[in-house]
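The values are calculated or read from the model by the stated rules, or taken from the named source; none is laboratory data. This one's a predicted model, so the numbers in the text were calculated from it and none came from an experiment. Cβ placement follows ideal geometry from the backbone for every residue including glycine, while neighbour counts extend to all protein chains displayed.
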Amino acid sequence: MIRARRPQVPPAARLAAAALLALAALLALAAAEGPANAQLTPPPPDQPDMPVTAAQRQAVVDTLAAALESKYVFPDVAKRTAAELRQRARRGAYAGLDGAKAFADSLSHDLHRIGKDNHFRVGYRFDPIPPDAFSETEPSPDELARDSVQARRTNYGFEQVRRLPGNVGYLDLRQFQSSPEAGMVAMGAIAMLQNSDALIVDVRRNGGGDPNMCVLLLSWLMSGRERSHFNDFYLRDGNTTEQYATFTTFPGRRYGGDLYVLTSRRTGSCAEEFAYDVQNLKRGTLIGETTAGAANPGGFVRLSEHFAAFVSTGRAVSPVTKTNWEGVGVAPGVPVDADDALKTAHVMALDKLITTEPDADRRAALQRARQQAQDTASEPLGLGPAPKRGESR
């Protein structure tokens with residue numbers, strides 16, 4: 001059964017978890033962890049199209065426009081976007097779109113063009129969407145058990161933790177989760193990487209998650225005991241702002257070595273926030289591609305029995321830049337193809353270690369490691385073509 005879920009995390013954390021999911025998953029209405037998002041079984045790839053009548057199209061436009069006006073994080077943009085959608089419907093802009101897929105795609109295109117928000121998305125689903133699909137209800141014991149099993153099988157997002165030649169640590173992080181179990185795995189990874197002379201954190205295949213994991217990791221990576229304020233979440237509902245900052249007390253030794261963060265065009269949401277924070281706090285070097293540009297989180301809205309939309313209800317605000325990465329992404333300091341990012345970072349890390357190493361024997365060992373890294377073939381990630389800004393991802 002399709003059922004909305006209310007994860008046991010703060011509101012902004014719940015919102016951030018679904019940010020990038022809106023870009024791709026809504027078209028399939030796929031199952032995912034996140035804020036106010038549904039536990040939905042993905043439709044088959046060959047999901048059939050279905051006809052839509054003029055009355056059905058008008059009802060979807062009206063419901064979508066009303067949802068924007070009541071929920072979208074920027075009321076002025078919501079008003080303008082809703083007004084233009086209604087006007088386009090009156091002029092017959094959607095009159096020739098008799099298929100559900102084409103109608104959903106057209107609405108998504110118009111939302112991007114008018115609202116300039118990469119999270120805007122209208123999705124079509126052949127199987128009916130229940131009226132309570134996106135209501136905030138507590139997950140059932142069975143749903144919690146299924147989520148727990150799935151999280152465990154993906155090791156809570158921690159895909160790889162290893163040492164590269166030259167004592168360079170490497171963390172391949174595929175998702176930011178915030179459960180106690182995820183925290184325990186994170187602390188295990190931290191213990192494994194603690195003695196590295198340099199560290200590479202790879203979020204090239206990370207679509208986002210919960211910012212509370214950002215708090216934990218940044219608390220480890222920021223030297224000193226002072227509190228580093230790195231992000232805010234503004235929520236239109238209640239007109240509230242939540243602040244995120246590192247711990248003043250970290251349960252262990254903080255990491256002070258050089259840090260390199262790998263990014264790609266598929267790096268999204270909370271993973272983008274992590275890269276953005278590292279960059280703004282001047283803690284490390286970003287290497288790779290400009291990220292997806294998904295910073296305004298939100299939730300799903302049922303538009304009809306077969307259509308749903310993702311509407312941004314909040315926005316991230318950096319205390320450093322006073323803005324975020326929505327629509328523009330996070331640009332790395334060292335731009336390279338995502339496939340070459342790991343090799344580039346490893347060589348850069350070793351170059352830095354070689355120049356600062358006083359011991360001749362250790363310096364020679366680092367030079368051999370550098371040659372090995374240089375001779376290593378780049379890793380093909382298979383990410384596909386880069387998405388165009390403001391278009392479907």
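Listed values, structure above:
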quantity	calculated
Residue identified as touching a Pro at 6+ places or on another chain (Cβ under 9 Å), assigned by TED's automatic domain parsing to the domain that holds Leu218 and of a type in the set (Ser, Thr, Tyr) among Thr267, Thr249, Thr263	Thr263
Test: Ala182 is of a type in the set (A, V, I, L, M) and closer than 30 Å to Phe307 by Cα	no
The stretch 348-376 residues that are farther than 26 Å from Gly288 by Cβ, paired with ones that are in a helix (DSSP H, G or I) and modelled with pLDDT of 95 or more (beta carbon under 8 Å, 6 or more apart)	Glu357/Arg363; Glu357/Leu366; Arg363/Ile354
Scope the stretch 210-228; condition touching a Cys at 6+ places or on another chain (Cβ under 7 Å) and assigned to a loop (DSSP other than H, G, I, E, B); matching residues	Asp210
Subset of the stretch 178-194 (residues that are over 21 Å from Arg253 (Cβ atoms) and within 20 Å of the chain's Cα centre (by Cα))	Ser178, Ser179
Matching entry among Ala65, Ala28, Ala36, Ala24 (being modelled with pLDDT under 50 and farther than 23 Å from Thr291 by Cα)	Ala36
Cβ-Cβ under 6 Å pairs, at least 6 apart or on other chains, the stretch 90-118 side touching a residue at least 12 places away in the same chain (Cβ under 8 Å) and surrounded by 17 or more Cβ atoms within 10 Å (Cβ to Cβ), far side of a type in the set (Val, Ile, Thr) and in a helix (DSSP H, G or I)	Ile114/Thr81; Gly115/Val77; Gly115/Thr81
Positions within the stretch 119-159 being within 30 Å of Ala59 (Cβ to Cβ), hydroxyl-bearing (Ser, Thr, Tyr) and surrounded by 13 or more Cβ atoms within 10 Å (Cβ to Cβ), in sequence order	Tyr124, Ser135
Ile114 being at pLDDT 85 or above and part of a helix (DSSP H, G or I)	yes
Residues within the stretch 132-160 that are outside any helix (DSSP H, G or I) and modelled with pLDDT under 90, tallied	9
Any chance Gly207 is farther than 30 Å from Ala364 by Cα and part of a helix (DSSP H, G or I)	no
Residue list for the stretch 209-244, filter: at pLDDT below 95 and of a type in the set (Gly, Ala, Ser)	Gly209, Ser223, Gly224, Ser228, Gly238
Condition met for Glu357 (of a type in the set (Asp, Glu), modelled with pLDDT of 95 or more and either in contact with a His (Cβ under 8 Å, 6 or more places away or on another chain) or crowded, with 16+ Cβ neighbours inside 10 Å (or both))	yes
Matching residues in the stretch 171-204 - criterion: being part of a strand (DSSP E or B) and free of Cβ contacts under 8 Å to residues at least 40 places away in the same chain	Leu171, Asp172
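Yes/no per residue for (1) touching a strand residue (DSSP E or B) at 6+ places or on another chain (Cβ under 9 Å); (2) under 30 Å from Asp46 (Cβ atoms); (3) of a type in the set (D, E, K, R):
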| residue | (1), (2), (3) |
| --- | --- |
| Gly123 | yes, yes, no |
| Ile129 | yes, yes, no |
| Leu173 | yes, no, no |
| Gly183 | no, no, no |
